[in-house]
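First comes the structure, then the notes that go with it.
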């Protein structure tokens, strides 16, 4: 199933923040994680992740730091900040409201607070 | 470097061309690309397959750069701002302003000296001695050369050579007994700034003035400088016009005359240095303008030249052959040459010959054909009426330009045929620069005595 482009774009920010909330990571690994979690159903043009990461960095939700990969290649790692966690919590409330609303109509319900 | 590194290098270059993706971004994307390639190869894909798929997954280059441009708009349109304190940038501004002030001061002092004598030459709202106009380049361009000498810390010996060159020109121009308002006088007035611009160019190039690449930089610098100067001049005119309009009700005419007579020339002189500094300061920030303008105007000039060449070939030159026509064609050839040179300066050495080269070739060949027609007619006229200093200067420049354009046409044609490389065309142009200098010096130093300063 292909998920609509606009929906993917709307999901992008909480998705990236949620993955970084699990621990600091870098672009390639973030995309891999998205693919694994969604079983390949959320498709993303890989390159588009980076401008998003830069925007989140500019907004102060994440910080970036150059490091090295195990093979000695330069790699940029991103870490979530407190402001990013607050943003994530806020987004999560919004998404829960959205899915609960749709679920109420389509006949499935989501717990009011996250699992 | 293996094939894969070459592909990655090309891809990186394509990404960075727009300016939206900086080095660090490209590093990040390349790191991603290499991770992806490694993973794809580990499942058995070949080098090339892995590269193609990895690049495809990252997204189309134009879409990607558009996305980066949206996030990093500042990179696309950087404002010129004063550098933070304690960086060398502030010093560079101070040095630039000092030299701009020096140029302005020299022009004003010369203006003061020149206006004190009675003369029938009117310029800048007052009578002025002819030498002021003739020497105008000498007041400003050596200052610009000196600015580059200081900024580039040119070794003393080289400075002395440049200074000696300027001194010879200054002496010749001022000691030759021109008849006031004579043709020689005018020719010198036109050619002296060109000769002095070569001095600026040599000062700009620094110690590698002989290398082709460095000469190309001088050409690029000259084009960008001209554009910045024109823009500053435009702004200056608006400022001056508004000032006059605002002050007219309250100020006597005196103030307005002073504005035009004194402030305008000082500003024009200072702007020469400011424009040079701007070119250097903004070199890497926005795309160079001269090549962009060239790309717009080369096809238009090609059409105009072809139409004119066909027209003249059909109708002939006619009996009312204008004696100034040769000079007009010199200007036309200069413009064509400028279009060619700035077109070349913008093309990367690895780029293959394309449509733009075809258009360039059409323009050059049409210009040559047109010029040959005029040249033959002009030679006949000179055969009838003999040489004057003006005809000699126009004919000489014409031949100098013609040889250059024939060479240009040859190298462009072989480039299109795949038998030469762009760098050869570039070398032809840069190697030809001394010929221009030589001719300009002939016009300043040899022709006037030859024609008895007529």
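The values are calculated or read from the model by the stated rules, or taken from the named source; none is laboratory data. Model, not experiment: these values are computed from the prediction. Every residue, glycine among them, receives a Cβ derived from its backbone with ideal geometry; neighbour counts consider all protein chains shown.
All of (1) more than 13 Å from chain A (Cβ to nearest Cβ); (2) at pLDDT below 85; (3) in contact with a helix residue (DSSP H, G or I) (Cβ under 8 Å, 6 or more places away or on another chain) hold for residue B:78 with one exception: (3). Restricting attention to the stretch A:35-60, the residues that are at pLDDT 90 or above and either within 20 Å of residue A:3 (Cα to Cα) or not in a helix (DSSP H, G or I) (or both) total 2. Screening A:65, A:71 for residues that are exposed (fewer than 14 other Cβ atoms within 10 Å of the Cβ), within 14 Å of chain B (Cβ to nearest Cβ) and at pLDDT 85 or above leaves exactly one candidate, A:65. Say we look at the stretch B:314-331 and pick out the residues that are in contact with a helix residue (DSSP H, G or I) (Cβ under 8 Å, 6 or more places away or on another chain) and at pLDDT 80 or above; which of these is surrounded by the fewest Cβ atoms within 10 Å (Cβ to Cβ)? In this case the residue turns out to be B:330. Scan the stretch B:131-141 and tell me whether some residue there is part of a helix (DSSP H, G or I), modelled with pLDDT under 90 and out of contact with any helix residue (DSSP H, G or I) (no Cβ under 8 Å at 6 or more places or on another chain). No, the stretch B:131-141 contains no residue that is part of a helix (DSSP H, G or I), modelled with pLDDT under 90 and out of contact with any helix residue (DSSP H, G or I) (no Cβ under 8 Å at 6 or more places or on another chain). Within the stretch B:1-53, the residues that satisfy the criterion of being more than 36 Å from the chain's Cα centre (by Cα) and closer than 28 Å to residue A:57 by Cβ are B:28, B:29, B:30, B:31, B:32, B:33, B:34, B:35, B:36, B:37, B:38, B:39.
Here is a yes/no grid of residues against (1) more than 22 Å from residue B:69 (Cα to Cα); (2) touching a helix residue (DSSP H, G or I) at 6+ places or on another chain (Cβ under 6 Å); (3) surrounded by 14 or more Cβ atoms within 10 Å (Cβ to Cβ):
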position: A:49; (1), (2), (3): no, yes, yes
position: A:52; (1), (2), (3): no, yes, yes
position: A:61; (1), (2), (3): no, yes, yes
position: A:76; (1), (2), (3): no, yes, yes
position: A:86; (1), (2), (3): yes, no, no
position: A:94; (1), (2), (3): yes, no, no
position: A:100; (1), (2), (3): yes, no, yes
position: A:107; (1), (2), (3): yes, no, no
